[in-house]
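To start, the structure itself, in structure tokens.
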Amino acid sequence: MPSVVTIKTVLSAAASTVLLRTIINDLIPCHFQDHIFYKASSSLAGFSSTFNIIVQQFQGIVPLPNEM
């Protein structure tokens, strides 16, 4: 079961998100919001949703530079 601190942290983050969204919707006009969203989504679209993990094998243990 989650601790009380975790629950309070999640609820605080949710309340902050709702407050920030309300402030943004009240202060920033819709066409600027659309422009910002378009720029953000188009800049993130260039990233791939896949990644590669490269595992290299070696023989023996290599000491760290400060252990030499």
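Laboratory data are not the source of any read-out in this text; all were calculated from the coordinates shown. All values reported here derive from a predicted model rather than from experimental measurement. Note: ideal-geometry Cβ built from the backbone for every residue, glycine included; neighbour counts use all protein chains shown.
For the range 6-66, chymotrypsin sites (Phe, Trp or Tyr not before Pro) meeting the loop criterion (DSSP other than H, G, I, E, B) and having at most 14 other Cβ atoms within 10 Å: Phe47, Phe51, Phe58. Helix 30-44 and the longest principal axis of the C-alpha atoms of the chain enclose an angle of approximately 10°.
With 0.36 nm allotted per residue and the present C-alpha distance subtracted, the Ser3-Ser41 stretch has 10.1 nm of extension available.
Taking the structure as given and computing Rg/Rh (Cα atoms, Kirkwood Rh), which label from [x] 1.30; [y] 1.68; [z] 1.59 fits? Entry [x].
For the chain, the longest principal axis of the alpha carbon atoms and the long axis of helix 4-27 meet at an angle near 50°.
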